[in-house]
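Beneath this line is the structure, given in structure tokens, with notes to follow.
The values are calculated or read from the model by the stated rules, or taken from the named source; none is laboratory data. Quick caveat, the model's predicted, so the values are computed rather than measured. Here the Cβ positions follow ideal geometry from the backbone for every residue, glycine too, while neighbour counts run over all protein chains shown. The area values use the complete protein model at the heavy-atom level, side chains included, leaving out ligands, DNA and RNA. Shrake-Rupley method; radii C 1.70, N 1.55, O 1.52, S 1.80 Å.
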Amino acid sequence: MGLRVIFLGPPGAGKGTQAGRLGGHLRVPKISTGDMLRDAIAAGTALGRVAGPLMEKGGLVPDELLNGIIDERLSQPDCAKGYILDGFPRTLKQAEGFEHMKRGDATTDMYVLNVEVPRDELLRRLSGRRWCPHCQSTYHIYNNPPKDDSLCDKDRTLLIQREDDKETAVARRLAEYDDRTAPLIEYYRGRSRFHTVNGYRPPDTVFAELKGLFVKAPA
Ligand code: AMP
């Protein structure tokens, strides 16, 4: 069984950024359920039609759907050597479903990285976030602005504010996190390689700490 890593943490904690960088570093795919669902919406699939209205309001998409798409994604050949999950599991039902998947969390040697950030900082980050609807890159109006006003650096698409980064949806997402995802911290602590990281620091500093967890001991 390859290297398995999951990220826990509220929306705006920087999980997506760190998961992407860690995936590049460890050479395993980063799997973001948020990106998969947004792709499904853009493609107009049956999944996208169910997920779209729920996501816009900041609610969660039903567990059975998530468990289905993750089980199928993890069975792809590129996950044989491991993977990094960003945004799954997000509920206890998903964590339980994950344990029964062929390449899921059946043992205790999975890494669980719990990213902590104070609430007022999360609100500041989420409200300033801008998104490229073409390649899904994210920017921040103060912390990480695009080079050219409002245009994606990679493909020059006009950046927008995601519907679920608007104020009412953000409040709902944080409430969903508190009610349904935060209990996973206690669920995984003690039964996995659990590590809490302070995400209220520059992304390079956070990444350096995370990278350090995967340094191999000399043979
Ligand atoms: P994210 O990009 O991770 O912030 O996810 C955006 C939205 O996608 C969430 O607010 C949910 O509506 C939905 N979503 C992503 N992952 C999950 C999941 N594991 N379970 C339920 N809904 C999810």
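I'd like the full set of residues that are over 16 Å from Pro11 (Cβ atoms) and either among the β-branched types (Val, Ile, Thr) or out of contact with any Phe, Trp or Tyr (no Cβ under 9 Å at 6 or more places or on another chain) (or both), limited to the range 118-143.
Those that are over 16 Å from Pro11 (Cβ atoms) and either among the β-branched types (Val, Ile, Thr) or out of contact with any Phe, Trp or Tyr (no Cβ under 9 Å at 6 or more places or on another chain) (or both): Pro133, His134, Cys135, Ile141, Tyr142.
For residues in the range 178-219 being of a type in the set (Ser, Thr, Tyr), open to solvent by 30 Å² or more (accessible area, probe 1.4 Å) and not in a strand (DSSP E or B), which is nearest to Gly128 (Cα to Cα)?
Restricting to residues being of a type in the set (Ser, Thr, Tyr), open to solvent by 30 Å² or more (accessible area, probe 1.4 Å) and not in a strand (DSSP E or B), the top hit is Tyr200.
Can you pull out every residue in the range 40-65 that is more than 11 Å from the ligand (Cβ to nearest atom) and touching a residue at least 60 places away in the same chain (Cβ under 8 Å)?
Answer for the range 40-65, where residues must be more than 11 Å from the ligand (Cβ to nearest atom) and touching a residue at least 60 places away in the same chain (Cβ under 8 Å): just Ala42.
May I ask you to list the residues in the range 89-140 that are of a type in the set (Val, Ile, Thr), touching a strand residue (DSSP E or B) at 6+ places or on another chain (Cβ under 7 Å) and open to solvent by less than 10 Å² (accessible area, probe 1.4 Å)?
Scanning the range 89-140 gives Val112, Val115.
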